[in-house]
Structure formats: structure tokens, C-alpha cells
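All remarks here apply to the structure that follows.
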Amino acid sequence: MDAIVVNQLSYSYQVSGRQILKNISFKVAPGEIVALIGLSGCGKSTLCLCLGGIIPHYLGGELTGRVSVNGKDTKEYKVAQLALEVGLVFQDPDTQLFSPTVEDEIAFAPENLCLPVEEIGSRINKVLDILGISALRKENPNRLSGGQKHLVAMGAVLALEPAILVLDEVLAQLDPVGKKTINDILLDLRQQGKTILIVEHDLETVSIADRVLVLENGLLLRDGQAETVLADREFLLRHKLECEV
Amino acid sequence: MSDLDPRTKIVSILCLSTLAVFLNEPWPLLLLFVFTLLILLFLRINFFRITMRFKKLLPLLLLMLIIQSIFTAGGEVLISFHDINILTSNGINSALCILFRLLTLFSSAMIIMTSSSKDYVLALTQLKIPYEIAFMVLVALRFLPIFIEEIKDTLVAIQLRGVDLQRIPWRHKIKFYTRFLAPLLSRVMLKAHQLAITMEARAFRVYRRRTYLRLLQYSVADYVVMVFFAIATIVVLARDFLY
Amino acid sequence: MFSANGFILRVLSVKRGWLMAYIELENVTFCYPGQSRPVLRDINLSIYKEGVTAITGANGSGKTTFSKLLIGILTPTKGWIKLNGQLLTSLTLAQIGRRIGYVFQNPGKQLFCETVEEEIAFGVRNLGLGLSTDQVAQKVRMVLDYFELTRYAQVYPLSLSAGEKRRLAIAAVFVLEPDLLLLDEPTTGLDPYRKKLLGDYLDKVIAAKRGVVIISHDQKFISRYATRLIKLQEGQFVEE
Ligand SMILES: Nc1ncnc2c1ncn2[C@@H]1O[C@H](COP(=O)(O)OP(=O)(O)OP(=O)(O)O)[C@@H](O)[C@H]1O
Ligand SMILES: Nc1ncnc2c1ncn2[C@@H]1O[C@H](COP(=O)(O)OP(=O)(O)OP(=O)(O)O)[C@@H](O)[C@H]1O
Ligand SMILES: [Mg+2]
Ligand SMILES: [Mg+2]
């Protein structure tokens with residue numbers, strides 16, 4: 001069974017009415033790392049919201065077509081139920097932290113899963129450890145630096161241990177050490193058979209992906225092996241995905 | 001003592017404020033106030049911040065005291081002006097009562113701040129209140145500072161964009177605030193909406209039940225404190241009702 | 001004042017000699033209230049109204065804190081900061097904002113109008129140039145065009161995508177015509193093409209004898225556009 005199936009997906013937000021996603025179809029197999037690239041405003045974040053079921057459950061607007069994650073149709077399941085399959089890290093770290101301490105933030109998801117206390121404790125330790133933020137354990141997440149906030153948001157989702165991970169530009173604000181850490185985590189997760197979708201502008205970061213999806217103005221422009229797409233300089237330059245400086 | 005159970009803290013606050021309302025003489029009230037301060041000291045609360053808070057309330061308190069002492073009749077007359085008694089001993093008495101009562105109420109409420117908001121959610125759920133409701137309390141407690149931060153940031157941004165809030169005259173200031181009230185509110189609503197989405201995207205309320213990383217447990221100290229407060233309150237109330 | 005670091009920076013600033021420092025920091029220490037360790041320690045630094053000064057440093061090293069000190073949102077625990085010879089504490093935020101254009105790390109926080117167009121017009125009107133409605137509208141149109149935001153003129157700024165918000169925040173600050181631009185992580189959320197446009201724009205700013213300070217992790221961008229590079233490490237600056 002495919003981890004993600006998107007079939008003829010079109011979407012427009014309520015207020016503008018402009019179609020943001022236009023008839024998009026693709027599938028992602030379990031254990032694949034897929035990178036989603038495209039110019040700013042082309043609809044990448046919108047697509048991520050569709051995968052998590054936030055569209056159509058929280059944001060109105062018009063959605064046609066079908067999205068399913070691990071066999072669950074996003075229209076039929078609630079966001080919380082979809083969260084058992086997909087972990088979503090949003091682009092803006094400030095909208096995803098609400099607990100008094102970092103530890104509580106990371107504990108939140110496993111607590112919702114009704115895990116036993118020892119398991120919650122060990123997940124927190126593990127997540128803090130692999131992200132290298134153990135020192136921040138007792139800090140207030142809203143009083144951290146931008147990059148630290150992103151790491152905590154990432155940790156809160158990793159503690160959910162979802163089969164599918166969707167990361168909306170989480171690497172952009174990280175220092176080289178942080179980028180390397182996340183890179184290693186992603187490769188490790190792939191080893192464990194998890195499916196990962198990352199949104200990213202930096203083509204260097206994209207190179208860990210197996211496959212690349214290129215979005216332009218809401219259309220799926222290209223869907224191919226990472227090596228082929230990234231080696232096609234002419235295509236990248238033509239669509240402004242790479243620039244000579 | 002700062003690891004007292006939040007439930008114990010809630011009980012102590014209830015007892016302290018009941019006592020403050022029912023006691024009716026200046027001396028016992030003063031004693032109660034000093035006692036509350038001692039508790040706060042034990043809980044290692046930041047005294048500096050408390051005094052800063054009280055400082056803002058000071059003019060209001062003074063005004064109340066003056067009004068109270070002028071309008072209470074009876075007792076020995078201390079100052080009078082042509083036949084009108086301005087200050088009487090009863091007036092001073094009741095003013096002092098009000099002063100200590102308010103101080104006790106304010107400072108006992110501060111005991112709440114010595115536990116994290118999450119502990120109160122735990123306290124509520126362990127008192128068998130459904131966790132959705134407990135979480136709403138948490139959300140209110142947690143989101144409030146986030147909202148305040150949000151509004152502060154926006155005000156800073158507006159000033160950096162050339163509006164001299166510190167220097168414009170009052171008339172304009174009011175106009176300014178009314179103009180930005182709506183966008184500020186819609187901003188706060190948007191934030192609340194996004195935070196709600198985040199919570200659900202992390203599987204909040206996926207099952208009817210939920211586990212917790214930490215469980216609250218009463219210690220011996222909790223029992224001692226609670227029993228002490230309960231007895232003290234009952235004794236005082238009984239004395240009040242019996243005589 | 002006599003820390004080795006401060007001394008080296010001082011020598012460097014003397015070498016720049018003829019150019020007067022636009023912002024001067026002396027012995028600046030900053031510690032968030034309630035925390036034991038200061039984020040920034042004993043900083044002596046001059047920032048000039050020329051070229052692109054890039055500040056780098058690990059996550060949580062205090063870059064954003066530093067920028068908030070420069071713009072007067074935070075005040076140093078110790079030491080002082082002077083802006084063009086005046087103590088920062090003697091100026092209001094509005095006065096500072098007209099000289100230093102600050103783009104927050106999270107640009108969503110600095111957008112407060114109801115439409116994109118209004119967001120840009122807000123700054124133009126506050127400049128106190130006494131422009132007519134037509135002139136304002138014309139200027140707004142020009143800026144919208146320059147930053148490719150024309151199609152969003154009537155959109156609620158907070159519903160833009162992350163990259164669009166960043167562009168709008170830069171545009172809204174741009175119209176204030178500040179002497180110095182202070183950009184906190186300006187390239188995050190921008191695609192390579194917009195990064196290049198931003199870089200070209202910075203080139204124009206410095207050609208107009210105005211200064212730029214950028215805080216960034218983007219090595220490629222920095223190495224292409226920065227004329228001076230400083231690194232924040234354990235609360236102190238190291239010039240590179
Ligand atoms: N809540 C919303 N209401 C209306 N329009 C929206 C909303 N969110 C996004 N849009 C619009 O939809 C388009 C796609 O936005 P989206 O956030 O998906 O872009 P993106 O590809 O993630 O861009 P970026 O790289 O800048 O993050 C943008 O033009 C944006 O203005
Ligand atoms: N409001 C605050 N209260 C207390 N501590 C804070 C606050 N904001 C930031 N800090 C702490 O100060 C340190 C510096 O934060 P700052 O935001 O300046 O880092 P930064 O260099 O900008 O990092 P990044 O690259 O991640 O944006 C961090 O350790 C952070 O935890
Ligand atoms: Mg996006
Ligand atoms: Mg920062």
C-alpha cells in the first residue's frame with residue numbers, strides 16, 4: 001500500500017477563490033524521502049496542510065479530488081486520527097508551541113496516545129538526545145531562539161513516531177550543525193522504513209531525497225528521481241529553481 | 001515546600017481567603033496577612049515582583065482607606081470639624097481591616113503562581129474533571145501570555161514604522177488604539193486558531209482518555225498543610241457563628 | 001573595555017579611520033531577566049553606514065537578541081549604544097525606526113494592516129513628507145511592483161505564504177528609506193530566484209551609500225554579498 005496517495009487534488013482558499021493547487025496527482029511509497037520544491041507562493045505549504053487533513057477540516061475553501069495517508073482518506077478522518085499516521089511540522093515555529101516547558105511540549109503527543117509513563121519518559125529522552133537539545137529541557141519554548149523553536153517543534157512531532165513525516169521548511173533557520181543533525185535523523189528514519197516529505201528551497205539539502213516533486217503555480221510540473229532532476233541544470237534554471245549569482 | 005501539590009495550594013488559597021473575609025478585627029487580619037507572606041516566602045516566590053504589583057494598587061487602596069475611615073461612624077471621635085465627625089476610632093479600625101483583608105486576598109492569590117499551569121490541569125483531571133475542560137483552563141492560562149507577547153510585538157512594530165506612541169497627544173492615542181483594536185483582535189484569533197490546529201495535529205483528543213508524564217501525589221507535607229488549614233478555618237468560623 | 005576581543009575590534013575600527021561609526025556599542029552586556037548567564041558579554045563594536053555586514057553564529061548564540069538591542073526593543077544590562085552619536089535610550093522607537101529599518105526573524109510579527117497595499121502605504125504616510133494621496137498611491141504601486149506583490153495588493157497580509165510575508169516585511173521597511181537596514185534571517189523562506197533579487201536590492205542599497213546588516217545562516221548568500229563578516233561566539237564577536 002502506498003504511504004501517500006494524492007489523486008486529482010485541486011484546492012482554493014475561501015477568501016481569494018484563486019485556485020492554489022491544480023489537479024495534482026502523485027503517490028509516495030513507504031520508506032521514500034520525497035522533496036517538494038518550487039517558487040515561493042506556489043502552494044507547497046498548502047499541499048502539506050492537505051496531507052495533514054487541516055484542509056479541509058479547519059480551513060474552508062473548495063477541495064476536489066482525493067488525498068489519503070496510509071489508506072485513510074483525509075476527508076473521512078479527523079485531524080487527530082490522521083495524526084496517528086502523519087506528523088506535520090509547520091513552517092512557522094511560533095504557531096506550534098504552547099506548553100510551559102520544552103519537556104511538556106514533547107510529552108504532549110505521546111500523552112495523547114495514552115502511552116505508559118515510562119514510554120513517554122523514554123521518548124522524551126530519546127528525542128531531546130538526537131536533536132541535541134537536552135539542555136533546553138526545562139526552558140519555556142516561547143522564549144527560545146528561532147532555530148531552537150524549530151528544533152523543539154520537530155521534537156514534538158518526532159515523539160509522535162508517525163509513519164509519515166511532513167516537514168515544511170524546517171531546515172532553513174538551522175545552523176550547519178542543526179542541519180546535519182536533521183539530515184542524519186531523516187536518513188535514520190528512512191532506514192526504519194518511515195516515509196518523509198520535505199519542503200525545501202536549498203537544492204543542496206534536497207539532495208538527500210530519493211525523489212523530487214516540482215510545483216509551479218499549483219501545477220505539478222515534474223516528478224522524477226532526485227539525481228535526474230537535480231542534474232537537469234537547464235530545467236532548473238529555466239524554472240528559476242536555481243540561479244547564477 | 002515549593003513542591004507542594006497544586007491541590008494543596010488551591011485548598012490553602014480557599015482557606016486563606018475565607019478567613020480573610022470572615023475575620024473582622026485588625027489584629028487577627030494583620031496576623032493572617034503576615035502568615036500569608038510567610039507562606040509565599042516558603043514557596044520562594046519573587047518578592048520584588050509582588051511589591052511592584054502592590055505599588056500600582058497603592059493609590060487605589062489609599063483612596064478606599066480614606067473613604068472608609070471618613071464614612072464609618074461610632075467610637076471615639078478623633079478629629080471633628082464644626083459638628084461633623086471626620087475621623088473616628090471605628091473608622092480607623094474598619095479601614096485597617098479592609099487594608100489587611102485586601103492584602104491577604106492579593107497575596108494568597110499569588111500562591112497560584114508557584115506551580116506551572118500544567119500542574120493545575122493535572123490537579124483538575126485528578127479531581128475527575130474531564131480533561132477537555134481541564135485543557136480549556138490550560139489553554140486559557142497558556143495562551144494568555146502568548147497573546148500578550150503577540151500584542152506587544154505588534155505595538156513595537158507599529159512604533160518602528162514611525163508612529164511615535166510615546167509622544168503623540170492623548171486624543172490621538174485613543175484614536176490610534178481604536179484603529180488598531182480590530183486588527184489586533186483578529187491577529188489574536190488567528191493565533192488561537194493556529195494553536196488549536198497544532199494541538200489536534202499532535203493527536204489531541206484522539207482517544208477519550210489520556211496519560212500523563214507526571215502524576216500528582218500527596219506527600220506528608222500536603223496532608224499536614226491541608227489539615228492545618230481546614231482546622232484553622234473551621235475554628236475561626238465556628239467561633240464567629242457561635243458567639 | 002580592555003578585553004582582547006574589544007581591543008582588536010577597536011584597532012580594526014581605527015583602521016577604517018575616516019569613516020564615522022553609525023552605531024557604536026561600548027561594553028554592552030545583556031542578560032534576559034531571570035536568567036543567570038548573559039547572552040552577550042562586554043561587546044565593543046562599531047557598525048558603519050557602508051557595505052553589507054553579515055553576522056553569523058550558531059542557533060541560540062544571541063544574534064536576534066543583538067539585533068533587538070540595536071533597534072532599542074531591548075536595553076543593555078550594562079554599557080551603552082549610540083546611534084549616530086546619540087544615546088539609543090534617549091530616542092523613541094519611532095525615531096530609531098526611521099533610521100534603522102528592521103525586519104524581524106519572523107516577519108509575520110511585524111505586519112498589522114488589513115491589506116498588503118495598506119501595509120506599505122502606512123510607512124509612506126508616516127514619513128511626514130506631506131505627500132498627496134496620489135503620490136502615496138503611486139509610490140505604493142511602484143514598491144508593490146518591485147517586490148512582485150502587485151497581485152496580492154488587496155490580500156490580508158497574514159494569509160500570505162511565508163516567503164511572500166518576508167518580501168512584504170522588507171518592502172514595508174524599505175519605503176521608510178532608512179539609513180541602515182537590519183535584516184534578521186532575510187533569506188529563509190525565499191527561493192533561489194528571490195534570494196538573488198534580494199541580493200541585487202542590497203547592492204542597490206549600498207550603492208546609495210546606505211548600510212546593511214544581515215543576520216544569516218546562509219553561507220552561500222553571505223559569501224556572495226557580505227563585505228564584512230562577524231561571528232558571534234559565546235557571547236562575543238569575532239571578526240573574520
Ligand atoms: N489562509 C490563506 N488564505 C488565502 N490565501 C492563502 C492562504 N494561505 C496561503 N494563501 C495563498 O496561497 C498561495 C500558496 O501559499 P503557500 O503557503 O502554499 O505557498 P508556499 O509554496 O508554501 O510558499 P513559501 O515557499 O513562501 O512558503 C499563496 O499565494 C498565498 O498567498
Ligand atoms: N525572551 C527571552 N527570554 C529569555 N531567554 C531568551 C529569550 N529569547 C531568547 N532567549 C535565549 O537567548 C539566547 C539567544 O537567543 P537569540 O534568539 O538571540 O538566538 P539567535 O542567535 O538569534 O538564534 P537563531 O539562529 O536560532 O535565531 C537563546 O539561548 C535563547 O534561549
Ligand atoms: Mg510555505
Ligand atoms: Mg535569531
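The values are calculated or read from the model by the stated rules, or taken from the named source; none is laboratory data. What you see is a predicted model; the values in this text were computed from it and never measured. Glycine gets a Cβ as well: all are built from the backbone with ideal geometry, and neighbour counts include every protein chain shown. Side chains included, ligands, DNA and RNA excluded: accessible areas come from the protein's heavy atoms. Shrake-Rupley method; radii C 1.70, N 1.55, O 1.52, S 1.80 Å.
What percent do you get for the relative contact order of chain A when only Cα pairs under 8 Å and 6+ apart count? Don't skip to the answer; put the middle values down first.
Values: 456 pairs, mean separation 65.5, N = 245.
So the answer I get is 27 percent.
May I ask you to evaluate 6.51 cos²θ - 1.76 cosθ + 1.60, the Karplus curve with θ = phi - 60°, for each residue of the range C:169-184 and list the ³J(HN,Hα) values in order in whole Hz, giving x for glycine and proline?
Those phi angles translate into 4, 5, 4, 5, 7, 4, 5, 6, 6, x, 6, 9, 9, 10, 10, 8 Hz.
Mind checking which of B:F176, B:F204, B:F143 has the largest fluctuation in a GNM of chain B, springs on alpha carbons under 10 Å?
B:F176
For the range A:1-44, give the percent of accessible area contributed by carbon and sulfur heavy atoms, probe 1.4 Å, rounded to a whole number. Before the final figure, lay out each step's value.
On the way: 810 of 1770 Å².
Heavy-atom surface of the range A:1-44 belonging to carbon and sulfur, 1.4 Å probe: 46 percent.
What FRET efficiency comes out for the pair A:R66/B:F228, r = Cβ-Cβ distance, R0 = 45 Å, nearest 0.05? Each step should come with its number before you reach the end.
Working: r = 64 Å, r/R0 = 1.43.
Efficiency at R0 = 45 Å is approximately 0.10.
Taking H placed 1.01 Å from N in the peptide plane, check which residues at least 5 places from A:G87 or on another chain put their amide H under 5 Å from its amide H.
Excluding prolines and chain starts, which carry no amide H, the hits are A:I164, A:L165, A:V166.
Hey, what's the range C:57-124 come to in accessible area per residue, 1.4 Å probe, Å²?
Working: 2150 Å² over 68 residues.
That works out to 32 Å² per residue.
If you place +1 on the Cβ of every Lys and Arg and -1 on the Cβ of every Asp and Glu, how big does the dipole about the Cα centre of the range B:117-212 come out, in debye to the nearest 20?
Numbers: 17 positive and 7 negative charges, 30 e Å.
Here the size comes out at about 140 debye.
Holding the Cα-Cα limit at 27 Å, pick out from C:K49/C:K220; C:K109/C:K139; A:K44/A:K149; A:K22/C:K109; A:K179/C:K68; C:K63/C:K209 the pairs that are longer than that.
Working: C:K49/C:K220 23 Å; C:K109/C:K139 24 Å; A:K44/A:K149 21 Å; A:K22/C:K109 31 Å; A:K179/C:K68 25 Å; C:K63/C:K209 25 Å.
Over 27 Å Cα-Cα: A:K22/C:K109.
Evaluate the relative contact order of chain C (contact order divided by residue number), counting alpha-carbon pairs under 8 angstrom at least 6 apart; express in whole percent. Walk me through the numbers on the way to the answer.
Values: 408 pairs, mean separation 67.0, N = 240.
Taking the mean separation of contacting Cα pairs over the length of chain C, I get 28 percent.
Would you calculate, for chain C, the mean residue ellipticity at 222 nm contributed by helices, counting each DSSP H stretch of 4 or more residues as -39,500 (n - 2.57) and dividing by all residues, to the nearest 500?
-11500 deg cm²/dmol
Is it possible to state the helix-based mean residue ellipticity at 222 nm for chain B, with each DSSP H run of 4+ residues giving -39500 (n - 2.57), the sum divided by total residues, to the nearest 500 deg cm²/dmol? What is it?
Working: 8 runs with 175 residues, N = 243.
After summing the helix terms and dividing by the residues of chain B, the value is -25000 deg cm²/dmol.
Accessible area per residue of chain A at 1.4 Å probe, in Å²? Present the calculation step by step, with values, prior to reporting the outcome.
Values: 9140 Å² over 245 residues.
Computed with neighbouring chains in place, this is 37 Å² per residue.
Have a look at B:I151, B:H172, B:Q126 and report the one farthest towards the positive end of the charge dipole of the range B:120-240, computed about the Cα centre with Cβ charges (Lys/Arg +1, Asp/Glu -1).
B:H172
Could you tell me whether chain B comes out rounded, prolate or oblate from its Cα gyration tensor? Rule is a ≥ b ≥ c as square roots of the eigenvalues, rounded for a/c under 1.5, then prolate if a/b exceeds b/c, otherwise oblate.
Working: a/c = 2.83, a/b = 1.21, b/c = 2.34.
Note, shape of chain B comes out oblate.
Can you put A:V15, B:V77, C:V52 in order of accessible area, largest first, using a 1.4 Å probe? If you can, show how the numbers build up before the last one.
Working: A:V15 135, B:V77 70, C:V52 0 Å².
These residues rank, largest area first, as A:V15, B:V77, C:V52.
Provide the per-residue ³J(HN,Hα) series for the range B:128-136, in order, calculated from phi with Karplus coefficients 6.51, -1.76, 1.60 and θ = phi - 60°, each as a whole number of Hz, with x at glycine and proline positions.
Coupling constants for the range B:128-136: 6, 8, x, 6, 4, 5, 4, 5, 4 Hz.
Could you compute how much accessible area chains A and C hide from each other, both sides summed, with a 1.4 Å probe? Nearest 100 Å² is fine. It would help to have the intermediate numbers written out before the result.
Working: alone 11720 and 12190 Å², together 21690 Å².
Chains A and C together bury approximately 2200 Å².
Taking θ as phi - 60°, what are the ³J(HN,Hα) couplings along the range A:87-98 by the Karplus curve (6.51, -1.76, 1.60), each to the nearest whole Hz, with x for Gly and Pro?
Per-residue couplings from phi come out as x, 10, 9, 7, 6, 9, x, 6, 9, 10, 10, 9 Hz.
Given Cβ point charges of +1 (Lys, Arg) and -1 (Asp, Glu) and nothing else, what value in debye, to the nearest 20, does the dipole of chain C about its Cα centre take?
Dipole about the Cα centre, nearest 20: 440 debye.
Can you list residues whose amide H is under 5 Å from A:T101's amide H, if they're 5+ apart or on another chain and H is modeled 1.01 Å from N?
For A:T101, no residues qualify.
Given a cut-off of under 8 Å on Cα pairs at least six residues apart, what relative contact order in percent is computed for the range A:91-161? List each step's numbers first, then the result.
On the way: 75 pairs, mean separation 35.6, N = 71.
The value is 50 percent.
How many square angstrom of accessible surface are buried between B and A, both sides summed, with a 1.4 Å probe and rounding to 100?
On the way: alone 16960 and 11720 Å², together 25620 Å².
Roughly 3100 Å².
Threshold 40 Å², probe 1.4 Å: give the residues of the range C:168-195, in number order, that are less accessible with all protein chains present than with their chain alone.
C:T188, C:G189, C:D191, C:P192, C:Y193
Using only helices, what value at 222 nm comes out for chain A when you add -39,500 (n - 2.57) per DSSP H run of length 4 or more and divide by the total residues, to the nearest 500 deg cm²/dmol? Don't skip to the end; give the middle numbers.
On the way: 10 runs with 87 residues, N = 245.
It lands at -10000 deg cm²/dmol.
Sorted by packing (mean other beta-carbon atoms within 10 Å per residue), highest first, where do A:191-199, C:173-181, C:97-105 land? Numbers along the way, then the final one.
On the way: A:191-199: 19.1, C:173-181: 20.9, C:97-105: 24.4.
Highest mean packing first, the order is C:97-105, C:173-181, A:191-199.
Can you classify the range B:100-243 as rounded, prolate or oblate using the Cα gyration tensor, where a ≥ b ≥ c are the square roots of its eigenvalues, rounded means a/c under 1.5, and otherwise it's prolate if a/b beats b/c and oblate if not? If you can, show how the numbers build up before the last one.
On the way: a/c = 3.31, a/b = 1.49, b/c = 2.23.
Since a/c reaches 1.5 but b/c is at least a/b, the shape of the range B:100-243 is classed as oblate.
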